[in-house]
Amino acid sequence: MIKPLIGSFQLMKSLNRTLVLTTIRNLGPISRADIAKKTMLTPPTVTNIVSELLEQKFIIESEVGASSGGRKPILLKLNSRSFAIVGVDVGITSIKSVLTDLDAGLIRELRCPLPPRPDADTFLELLSRSVAELIASAAAEQTVLGIGVGMHGLVNPEEGVSIFAPNLNLRLVPIRAVLESEFGLPVYVENDVVAMALGELWFGGGQLTDHFICVNIGVGVGAGIVLNRQIFRGSSYSAGELGHTTVDLNGPRCSCGNYGCLQALVSGPAIAESVQNEIALGRKSALLPPVPSDLASITGEHVYEAALQGDVLALEAFGKAGRLLGISLTNMIHTLNPQKIILGGGVAQAGDLLTGPLNETVRSRALESSVTSLVIETSQLGDRATAIGAVTAVLSRIFELPQLQGEAAVSHSEP
Ligand SMILES: [Zn+2]
């Protein structure tokens, strides 16, 4: 149970309001009396806060509850449809964005392709355009509460700055400052896999899990780490750089300059490249292009399609990627002992082709005590996982207590 905190009057009022709102979100429909019991706040305090929240339309009175002898209590629940949130997933080839209600229910979705290696101004222009279009599509009675951005690459979430986005070749892009001045709304920026982990924690496979790791396998490879239901970011925001852990001393060169990184072996482009190399060496495959010089046109998706048709070379490529991922995850399992690993990203959509060899490797290599109750699953949020996670980055500042989320939560908790 979350306990009320002691502090200055204003701070305490703000914390208690968050506490009541979070209790209604998690347990609603719920009566005022039950909120008082769950939060250990006094009934008059709960009544005051509830009146304020009703006035601000954050909550509504729903049905009448069962009587425990006296008058039947009126139950309270979140007024999700009166508010909207923008969540943006900045990937390597496109910007995917969503407008949702307070329960992350989808209102509208947009996808805007990104040119290869855009300059910062072009990127910010496309980002702003997507956000503006979504805000414009909110209903008249819906208040937009904020904008969350899940950004590929290294991010400083406190400053809202993209420090380095290697595959877009962008550095020090002040995403928060630009969007806040343009839209006058609170903006939160997280690394894309961190955002995905937040989304899983609130709305996906992590809802009932204290310790889990989200692993995104697409054009890049990264992990979002949740320990004790908190995102673990590390000392300079780069925890979870799983893609740049070394798995083969003699492996191919990675985009980071190192050799044999996991990302250089299991990402979508890496799987395609390994198949191209094998064909160049004379291996037979259904993927053999009509003109041999077109080898570079073979993509990860082509390899996946060929694997589904039973092509041996394509099956081997996914098998090898699955085993290498299994080794990396075993190392991570032995380091952090999670209850669950949630896989997302384009390559993870290959399903059993990848997860079969991955699971086999983890089960055969990991210590029994680490894997007996370990669950490895694919994200239920699918390719919206990061965008929903970006929405959650906003929601978590509205609902969660500041000692759980950093100082910013207090100043942004007032609507
Ligand atoms: Zn690397």
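Figures for the structure shown
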quantity	calculated
Matching entry among Asn216, Asn228 (being open to solvent by less than 60 Å² (accessible area, probe 1.4 Å) and more than 10 Å from the ligand (Cβ to nearest atom))	Asn216
Considering residues of region 359-399 that are in a helix (DSSP H, G or I) and of a type in the set (Asp, Glu) only, the residue farthest from the chain's Cα centre (by Cα)	Glu368
Failed condition for Leu172, given (1) assigned to a strand (DSSP E or B); (2) at negative phi	(2)
Index of the failed condition, Ile225 passing every other in (1) within 16 Å of the chain's Cα centre (by Cα); (2) at pLDDT below 95	(2)
Filter result for the condition that a residue is open to solvent by less than 70 Å² (accessible area, probe 1.4 Å), at pLDDT 90 or above and over 13 Å from Thr22 (Cβ atoms), over Ser62, Ser67, Ser51	Ser51
Filter result (surrounded by fewer than 18 Cβ atoms within 10 Å (Cβ to Cβ) and not in a loop (DSSP other than H, G, I, E, B)) within region 91-109	Ser94, Leu106, Ile107, Arg108, Glu109
Close pairs from region 342-365: first more than 14 Å from Gly326 (Cβ to Cβ), partner of a type in the set (Val, Ile, Thr) and open to solvent by 40 Å² or more (accessible area, probe 1.4 Å), Cβ under 8 Å, at least 6 apart	Ile342/Thr378; Gly344/Thr378; Gly346/Val219; Gln349/Thr378; Gly351/Thr378
Criterion: surrounded by fewer than 20 Cβ atoms within 10 Å (Cβ to Cβ) and basic (Lys, Arg) - qualifying residue of Arg176, Arg171	Arg171
Check on Gly356, at pLDDT 90 or above, under 32 Å from the mean Cα position of the chain (by Cα) and under 16 Å from Val219 (Cβ atoms)	no
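The values are calculated or read from the model by the stated rules, or taken from the named source; none is laboratory data. All values derive from a computational prediction rather than experimental measurement. Cβ: placed from backbone, ideal geometry, glycine included. Neighbour counts: every protein chain shown. Accessible surface areas use protein heavy atoms only, side chains included; no ligands, DNA or RNA. Shrake-Rupley method; radii C 1.70, N 1.55, O 1.52, S 1.80 Å.
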